[in-house]
Amino acid sequence: MKHNLSFYIVSAGICITAYSGTVNADEAALIPELPSAASTYTRSAPFIAPRPYIIALNESNASSKQAEMAVNKAAEFEPPLFSGSNAHKYLGLGTVLFAGLTALTAPEEECETNCPPVQPPRQTSGTSHTRFARTAAALAAATVTTGLLYHWNDFHLEDGFSDPDNQHALLGATGALLMLYAVNKSAKSTVPTSHAGIAELGGVAMAVAIKITW
Amino acid sequence: MNTQLRIAAILSGALLMNSTCVLAEEDFVGWLLDFSRTKEVKPVTDKQYQDECGECHFAYQPGLLPANSWEKLLAAEALHDHFGDNAEMDKETLSAVRAYAVENAADKSWYKRSRKIAAAAAKGQSPLRITELRYIERKHHDIPEKMVKGNKDVKSLSYCDKCHTQATKGVFDTDTVLIPNYPDWDD
């Protein structure tokens, strides 16, 4: 059972990620006939210089009506309820929630001095604590994966560590790794093992990562 | 050390290690305890700023440019030629508008997108056009020309609110983008 733990965590992570991926599955489709990028004309484009900001002044009735229609469409537009970005957000919040539940359901500390000769076997599965921990680890893995998929273009090493998205990515990934390590370490040990500190650090790193970009 | 103390100690340490937050603002505690979303750009809250700027164009949120840029842009002599137009205001109004813009500029804001703009500007940028910010350029890099310049209902990246449907609320998230005439723009 113990050696299957990593498999369960990874499988759960993949399933959740795959599920969220269905939301935005065709995002990467390439359209070969598209012209070059818009950024090439933002800096020195002649059409910007003369009257860049005046909207709808001196325009014909036809173009004014078109602009009005566009504004109306924009006003009616409702952002999608399910998106890759939203999936990432809720997976992250879920991770912190389950990490908190894991901490709350932690068993009493194991006997360290004056222990009875025969101690009950250590439970590494089937308790609320282990279930919450595995769920939190799976959600953490899925959160990082969806972050990589849907927010990859927000992460730029050139911006350095002062960039909030870089801080978010590094703290979130570190937190997820620490949580996975703690769960794995505990599950593979038949004797009491110190894993709480690592898991707590992981959970806190995830929480701080969320707060930085909240 | 019991669990609660350990969690509190780690949380405090991790937040203090976030040197940007510690060094950048005096209001760190306020930010820390505020759980309202500050992911985007602070919406315009000043009526005078909204009225004066919004009279001719979308009232760009001050958090879209660093303070240095607003200082240059809203200097009395600069408004004679405000991107080709005369945007002069009386002294008192200009002072109030400039003060609001500078006080809420990107480098003085806790909002995430403003912090990103400020981080980019810290590398020596103080452009007059929002579209010249490296961060903004990068975010729009993949948008094909035909959807902006070649789109009769957009024409320029300068018209933020043509595509960012919640621009007036300071929200520029990809999920809220609707490019006129290209409903499936992100396919």
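The values are calculated or read from the model by the stated rules, or taken from the named source; none is laboratory data. Since the structure is predicted, the reported quantities are computational estimates derived from the model, not experimental observations. Using ideal geometry, Cβ is built from the backbone for each residue, glycine included, and neighbour counts are taken over all protein chains shown. SASA here: full protein model, heavy atoms, side chains in, ligands and nucleic acids out. Shrake-Rupley method; radii C 1.70, N 1.55, O 1.52, S 1.80 Å.
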Tell me which of these B:Lys72 doesn't satisfy, since it passes every other one: (1) touching a residue at least 24 places away in the same chain (Cβ under 8 Å); (2) open to solvent by 10 Å² or more (accessible area, probe 1.4 Å); (3) closer than 20 Å to B:Val41 by Cα.
(3)
Could you please give the count of residues in region A:145-179 that are open to solvent by less than 20 Å² (accessible area, probe 1.4 Å), away from every other protein chain (no Cβ under 11 Å) and under 22 Å from A:Ala106 (Cβ atoms)?
2
When both residues are 6+ apart or on different chains and their Cβ atoms are under 8 Å apart, which pairs have a first residue that lies in region B:98-111 and is more than 14 Å from B:Leu73 (Cα to Cα), and a second that is of a type in the set (Lys, Arg)?
B:Asn104/B:Lys42; B:Ala106/B:Arg115; B:Ser109/B:Lys42; B:Ser109/B:Arg115; B:Tyr111/B:Lys39; B:Tyr111/B:Lys42
Restricting to helices (runs of 4 or more DSSP H) lying wholly in region B:129-187: which have 2 or more residues that are more than 7 Å from chain A (Cβ to nearest Cβ), modelled with pLDDT of 90 or more and surrounded by 19 or more Cβ atoms within 10 Å (Cβ to Cβ)?
B:160-163
Taking region B:65-119 only, how many residues are within 14 Å of chain A (Cβ to nearest Cβ), touching an Asp or Glu at 6+ places or on another chain (Cβ under 7 Å) and among the small types (Gly, Ala, Ser)?
2
Go through A:Ala196, A:Ala187, A:Ala209, A:Ala182 for me and flag whichever is crowded, with 21+ Cβ neighbours inside 10 Å and either under 12 Å from A:Ala99 (Cα atoms) or not hydrophobic (A, V, I, L, M, F, W, C) (or both).
A:Ala182
Residue by residue through region B:98-120, note down the ones that are in a helix (DSSP H, G or I), of a type in the set (A, V, I, L, M) and touching a helix residue (DSSP H, G or I) at 6+ places or on another chain (Cβ under 8 Å).
B:Ala101, B:Val102, B:Ala106, B:Ile117, B:Ala118, B:Ala119, B:Ala120
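Every residue, every condition in (1) modelled with pLDDT under 90; (2) closer than 30 Å to B:Arg37 by Cα; (3) aromatic (Phe, Trp, Tyr), yes or no:
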site: B:Ala76; (1), (2), (3): yes, no, no
site: B:Gly84; (1), (2), (3): yes, no, no
site: B:Ala96; (1), (2), (3): no, yes, no
site: B:Trp110; (1), (2), (3): yes, yes, yes
site: B:Arg113; (1), (2), (3): no, yes, no
site: B:Ile117; (1), (2), (3): yes, yes, no
Condition met for B:Lys47 (open to solvent by 40 Å² or more (accessible area, probe 1.4 Å), farther than 25 Å from B:Glu132 by Cα and at pLDDT 90 or above)
yes
Scanning region A:73-83 for residues that are small (Gly, Ala, Ser) and modelled with pLDDT under 85 gives A:Ala74, A:Ala75
